[in-house]
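Here, each number is a calculation from the coordinates, and none is a lab measurement. What you see is a predicted model; the values in this text were computed from it and never measured. Neighbour counts run over all protein chains shown; Cβ positions are idealised from the backbone, glycine included.
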Amino acid sequence: MSETVQGWVSGRVQGVGFRYFVQRCAEAEGLEGYAVNLPDGRVEVILQGPSARVEKVQRQVEQGPSASQVDEVSWQSAPPYPHRGFRMG
């Protein structure tokens, strides 16, 4: 079953390769979505694909790459992502 989730990640997540990390994790699992820096210092993430794969990448996002420090992630269900592939903004 496919699902779409939207998350907001706070902490030291900009300027440390966080979006690239999310993209690599998502693409490795065949997910669609995006990761984009927000003006307030957070990163917004959309993940869409098979539920088990989405959950796996959510756990990876919550850990982040070694250069980052994830303080908090807030997830919610989201409407279907209308685009193919994974992009960064």
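Here's the picture: charge each Lys and Arg Cβ at +1 and each Asp and Glu Cβ at -1 in region 2-81, and of GLN14, TYR34, GLY49 the one pushed furthest to the positive end of that dipole is GLN14.
Nearest 0.05, what FRET efficiency do ALA52 and VAL16 give at R0 = 30 Å with Cβ-Cβ as r? E between ALA52 and VAL16, to the nearest 0.05, is 0.60. Estimated translational diffusion coefficient (Stokes-Einstein, Kirkwood radius over Cα pairs, 37 °C, 0.692 mPa s) of the chain: 262 µm² per second. Loop-located chymotrypsin sites (Phe, Trp or Tyr not before Pro) across region 10-89 with a Cβ neighbour count of 13 or fewer within 10 Å are lacking, with loop assigned by DSSP.
The stretch between MET1 and ARG87 holds 28.7 nm of extra length on full extension. This uses 0.36 nm per residue minus the Cα-Cα distance.
Approximating the spin labels as points 7 Å out from Cα along Cα→Cβ, the GLU62-to-ALA78 distance works out to 1.8 nm.
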